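Remarks on the structure that follows.
The values are calculated or read from the model by the stated rules, or taken from the named source; none is laboratory data. All figures in this text were calculated on a predicted structure; none of them were measured in a lab. Here the Cβ positions follow ideal geometry from the backbone for every residue, glycine too, while neighbour counts run over all protein chains shown. SASA here: full protein model, heavy atoms, side chains in, ligands and nucleic acids out. Shrake-Rupley method; radii C 1.70, N 1.55, O 1.52, S 1.80 Å.
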Amino acid sequence: MTHVPKITVLAETTDTVTIKRIDLDAIASMIEDAIDLAAVREFDAEIADRGLDAVLADGLALEDAERLWAGEHPVKVWREKRGLSQRALGEAAGVAQGYLAEIEKGIKPGSVTALRKLAGALRVQVDDLIPEQTRGRP
């Protein structure tokens with residue numbers, strides 16, 4: 001069991017509580033640990049349900065990850081991983097093939113709606129389709 005530090009409240013109002021930085025860092029670390037543990041438990045449950053080979057087949061291979069690191073668009077990498085043409089993915093997701101091509105080339109970022117549809121058709125999370133270099137931009 002994780003040790004829970006004693007948090008010292010330095011000041012308190014009806015809207016705020018002030019604590020030491022070290023206490024805040026400890027809380028943040030415990031939250032990160034809890035998130036990591038939940039992810040491991042979810043992964044283990046999926047393996048128990050579907051089997052290790054099926055779970056690993058759904059993930060990216062090293063070669064796929066290297067393509068992402070090299071700047072290839074995630075939609076293209078996942079589409080090819082699933083063995084789909086642009087036309088087939090576009091039809092499955094209800095996204096025009098031309099628009100899909102523009103997303104894959106980085107000409108257009110893709111609307112939230114389009115990315116949700118593509119994620120559903122590819123059986124991935126929307127976040128998996130957002131290029132790393134554009135994450136966190138307004």
Check: Mean separation of Cα pairs under 8 Å and 6+ residues apart, divided by the residue count of the chain: what relative contact order is that in percent?
Finding: 16 percent
Next item on the list: Report the accessible area of VAL9, computed with a 1.4 Å probe over the heavy atoms of all protein chains in place, in Å² rounded to the nearest 10.
Entry: 80 Å²
Checklist line | Estimated [θ] at 222 nm from DSSP helical runs (n ≥ 4, -39500 (n - 2.57)) normalised by residues in the chain, nearest 500 | finding: -18000 deg cm²/dmol
Next item on the list: Sort TRP78, TRP69 by accessible area with a 1.4 Å probe, largest first.
Entry: TRP69, TRP78
Next item on the list: Could you tell me which of LEU52, LEU118, GLN86 has its Cα farthest along the dipole of the chain towards the positive end, charges placed at Cβ (Lys, Arg +1; Asp, Glu -1), taken about the Cα centre?
Entry: GLN86
Next item on the list: Would you tally the net charge around GLY51, using a Cβ to Cβ cut-off of less than 14 Å, leaving GLY51 out, and scoring K and R as +1, D and E as -1?
Entry: -4
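Could you please state how large a percent of the accessible area of segment 74-127 is carbon and sulfur, counting protein chains only and using a 1.4 Å probe?
On the way: 1410 of 2920 Å².
Carbon with sulfur: 48 percent of the solvent-accessible area.
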Next item on the list: Determine the per residue accessible area of segment 1-119 with all protein chains present and a 1.4 angstrom probe, expressed in square angstrom.
Entry: 70 Å²
Next item on the list: Sort out for me the Cα centre separation of segment 20-37 from segment 76-116, rounded to whole Å.
Entry: 38 Å
